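Asker: Quick one: the structure is below, questions incoming.
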Amino acid sequence: MPFRTTGKYDLVICDIDGCLSPESHAPIDIAGLSKLSEHNRFAIQHRDRPVVTLCSGRPIGFVECLCRLIQNTVIPCIGENGVWLWRPEDNSFECDPAITAEHLEIVNEARKLLRSLYQASGVVQQPGKSASVALYHPDTAFLRSLVSTIDEEFQKRNWPIRVSMTWLYINCDLPYINKATAIDRLINQTGIELERTAGIGDTMGDRFIADRVSWFGCPANSEPEIMKAAAYVSSHEEVEGVLDIIDQLVR
Ligand SMILES: [Mg+2]
């Protein structure tokens, strides 16, 4: 049986960084997450409001942890920009079956190349990614200056890798994998209707969420460009913004 509520929406698909956790490495607002977990407990018990799941570029282990923290026990969460689903119902992980062994090898080659080019400058590859590479450097302006060169290096080799900048990371992803393709998998598996889904995000990476869901909201700290896709922009930041957005949905 698909998760179905008596409310207008069954599911909220929410980004993590800049939405539920600070964009920086500052501690997560556990009081805010606690309110969200209370919401999810109610949603699952009473089926009167949408349950909140996660959709993030973060490694799936990080997403699984937050999914459990916010008490989502029913709907898969999405990690690594769509590579992985984790299902809280049976603790199973699913890598997108469209990813080929050949492309996994290319990602590995890309990892080697990026290490040889930038390791000496202190660029670190985020641990925990399996079919993508995320690069970090404490000097974000320096990191941003590398984006076009990395893109060119991949193109020169005909590697099918999409290069994009988030607030603090460079993401190198397979072009046929994104948050939208993972949402399609989630929808297929859960039977939830897209018309009964809402989304929350703060950067242009979340346009893939906005494109799929029927209603989209942004916290106050979002990129101006993604705010254009929003039906509602909260005056609150990060998790307080998310709680305010969810409040709009259950009115
Ligand atoms: Mg974000």
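Asker: Have a look at A180, A141 and point out the one that is within 16 Å of the ligand (Cβ to nearest atom) and out of contact with any strand residue (DSSP E or B) (no Cβ under 9 Å at 6 or more places or on another chain).
Answerer: Only one candidate passes the filter, namely A180.
Asker: Can you find a residue in the stretch 180-187 that is within 23 Å of N40 (Cβ to Cβ), in the same structural domain as C55 (by TED's automatic domain parsing), of a type outside the set (S, T, Y) and part of a loop (DSSP other than H, G, I, E, B)?
Answerer: Looking for residues that are within 23 Å of N40 (Cβ to Cβ), in the same structural domain as C55 (by TED's automatic domain parsing), of a type outside the set (S, T, Y) and part of a loop (DSSP other than H, G, I, E, B), one finds none in the stretch 180-187, hence no.
Asker: Conditions first: (1) within 16 Å of the ligand (Cβ to nearest atom); (2) out of contact with any Cys (no Cβ under 9 Å at 6 or more places or on another chain); (3) touching a residue at least 12 places away in the same chain (Cβ under 8 Å); (4) small (G, A, S). S121 passes all but one, so which condition is the exception?
Answerer: Unmet condition: (1).
Asker: Count, please, the residues in the stretch 145-165 that happen to be within 16 Å of the ligand (Cβ to nearest atom) and either in contact (Cβ under 8 Å) with a residue 24 or more places away in the chain or not assigned by TED's automatic domain parsing to the domain that holds Q126 (or both).
Answerer: Of the residues in the stretch 145-165, 1 are within 16 Å of the ligand (Cβ to nearest atom) and either in contact (Cβ under 8 Å) with a residue 24 or more places away in the chain or not assigned by TED's automatic domain parsing to the domain that holds Q126 (or both).
Asker: Still on this structure, I have one more. Quick check on the stretch 2-9. Is at least one of its residues in a loop (DSSP other than H, G, I, E, B), over 21 Å from the mean Cα position of the chain (by Cα) and closer than 21 Å to K129 by Cβ?
Answerer: no
Asker: Same structure again: The conditions are (1) surrounded by 14 or more Cβ atoms within 10 Å (Cβ to Cβ); (2) of a type outside the set (V, I, T); (3) assigned to a loop (DSSP other than H, G, I, E, B), and R111 fails exactly one of them. Which is it?
Answerer: (3)
Asker: Scan the stretch 227-244 and report the pairs whose first residue is more than 12 Å from D29 (Cα to Cα) and at pLDDT 95 or above and whose second residue is surrounded by fewer than 18 Cβ atoms within 10 Å (Cβ to Cβ) and of a type in the set (F, W, Y), with Cβ atoms within less than 7 Å and a gap of 6+ or a chain change.
Answerer: none
Asker: To continue, here is another question. Pairs needed: first member in the stretch 166-194, closer than 14 Å to F3 by Cβ; second member anywhere, among the aromatic types (F, W, Y) and surrounded by fewer than 20 Cβ atoms within 10 Å (Cβ to Cβ); C-beta distance under 9 Å; at least 6 residues apart or different chains.
Answerer: Once the first residue is closer than 14 Å to F3 by Cβ and sits in the stretch 166-194, its partners that are among the aromatic types (F, W, Y) and surrounded by fewer than 20 Cβ atoms within 10 Å (Cβ to Cβ) give T190/F3; G191/F3; I192/F3.
Asker: Next up: Kindly indicate which of T140, T100 is over 15 Å from the mean Cα position of the chain (by Cα), of a type in the set (V, I, T) and farther than 18 Å from F154 by Cβ.
Answerer: Values: T100 fails: farther than 18 Å from F154 by Cβ.
Answer to the check: T140.
Asker: Determine whether the stretch 97-105 contains at least one residue that is within 19 Å of N188 (Cβ to Cβ), among the hydroxyl-bearing types (S, T, Y) and not in a helix (DSSP H, G or I).
Answerer: no
Asker: Take the residues in the stretch 195-216 that are of a type in the set (G, A, S) and within 13 Å of the ligand (Cβ to nearest atom), then tell me which one is surrounded by the most Cβ atoms within 10 Å (Cβ to Cβ).
Answerer: G201
Asker: Among (1) more than 30 Å from I161 (Cβ to Cβ); (2) of a type outside the set (G, A, S); (3) assigned to a loop (DSSP other than H, G, I, E, B), where does V52 come up short?
Answerer: (3)
Asker: Mind checking which residues of the stretch 11-68 are within 16 Å of the ligand (Cβ to nearest atom), polar (S, T, N, Q) and surrounded by fewer than 16 Cβ atoms within 10 Å (Cβ to Cβ)?
Answerer: S24
Asker: I need the full set of residues from the stretch 166-177 which are within 15 Å of the ligand (Cβ to nearest atom) and either within 19 Å of L113 (Cα to Cα) or modelled with pLDDT of 95 or more (or both), in order please.
Answerer: The initial filter retains those residues of the stretch 166-177 that are within 15 Å of the ligand (Cβ to nearest atom), namely 166-171, 173.
Residues satisfying the conditions are Y169, I170, N171, D173.
The values are calculated or read from the model by the stated rules, or taken from the named source; none is laboratory data. Only a predicted model underlies this, so the values are computations on that prediction, with no experimental measurement involved. Virtual Cβ from ideal backbone geometry, glycine too; neighbours counted across all protein chains shown.
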